[in-house]
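Each remark here refers to the structure printed beneath this line.
The values are calculated or read from the model by the stated rules, or taken from the named source; none is laboratory data. These figures come from a predicted structure and were not determined experimentally. Quick reminder, even Gly has a Cβ in these numbers, built from the backbone with ideal geometry, and neighbours come from all protein chains shown.
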Amino acid sequence: MKKTKQQKALTMSALILPGLGQLYLKLYVRGSILAGTSILALIYVVQDMLTGGVVERANTLVYQLLDGSVSPDFGTVEKLLRDGPDQWGAEVASWLIVLCWIVGVIDAMQHVKRSKLAQAT
């Protein structure tokens, strides 16, 4: 079965990058907003992980768990991982990526539906 242009766009938005399917369908404004927002949020999350001390805090926590200075219960571990210079920025950016992904998929699905309706009439 040959994939239509709309189905390819839906696949791109769902699996590769939010907004990429819209760009493929020449919906440049929507695609640019979704892709740009997703890329910026992803850059922020990765940068926060590498330079914001997340990896360092995780390593420190593992050593503390192994030597027994921290109790291995979920509440304590979560609190120690969340404490840091920017505890909400990466979480908000992560949710923004998820939101862009959902909007991109729904928009591509609606475009497929509109395309099928236009072909039927």
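Some notes on this structure:
- The listed residue being without any contact (Cβ under 8 Å) to a residue 60 or more places away in the chain and in a helix (DSSP H, G or I), out of VAL77, VAL112: VAL77
- Filter result for TRP88 (within 23 Å of the chain's Cα centre (by Cα), of a type in the set (Phe, Trp, Tyr), exposed (fewer than 13 other Cβ atoms within 10 Å of the Cβ) and closer than 18 Å to ILE16 by Cα): no
- One residue from GLN64, GLN110, GLN47 being over 29 Å from SER13 (Cα atoms) and out of contact with any Lys or Arg (no Cβ under 9 Å at 6 or more places or on another chain): GLN64
- Check on TRP95, surrounded by fewer than 16 Cβ atoms within 10 Å (Cβ to Cβ), under 20 Å from the mean Cα position of the chain (by Cα) and modelled with pLDDT of 80 or more: yes
- Any pair with Cβ under 6 angstrom, 6 or more apart, that starts in the stretch 14-39 at a residue that is closer than 21 Å to ALA90 by Cα and ends at one that is at pLDDT 85 or above and part of a loop (DSSP other than H, G, I, E, B): LEU34/PRO18; LEU34/GLY19; ALA35/LEU17; ALA35/GLY19; SER38/PRO18
- VAL54, sole failed condition from (1) free of Cβ contacts under 8 Å to residues at least 40 places away in the same chain; (2) within 30 Å of GLN7 (Cα to Cα); (3) of a type outside the set (Asp, Glu): (2)
- Test for VAL70: is it in a helix (DSSP H, G or I) and among the aliphatic types (A, V, I, L, M): no
- Restricting the stretch 81-92 to residues that are of a type in the set (D, E, K, R) and part of a helix (DSSP H, G or I), the residue that is modelled with the lowest pLDDT is ARG82.
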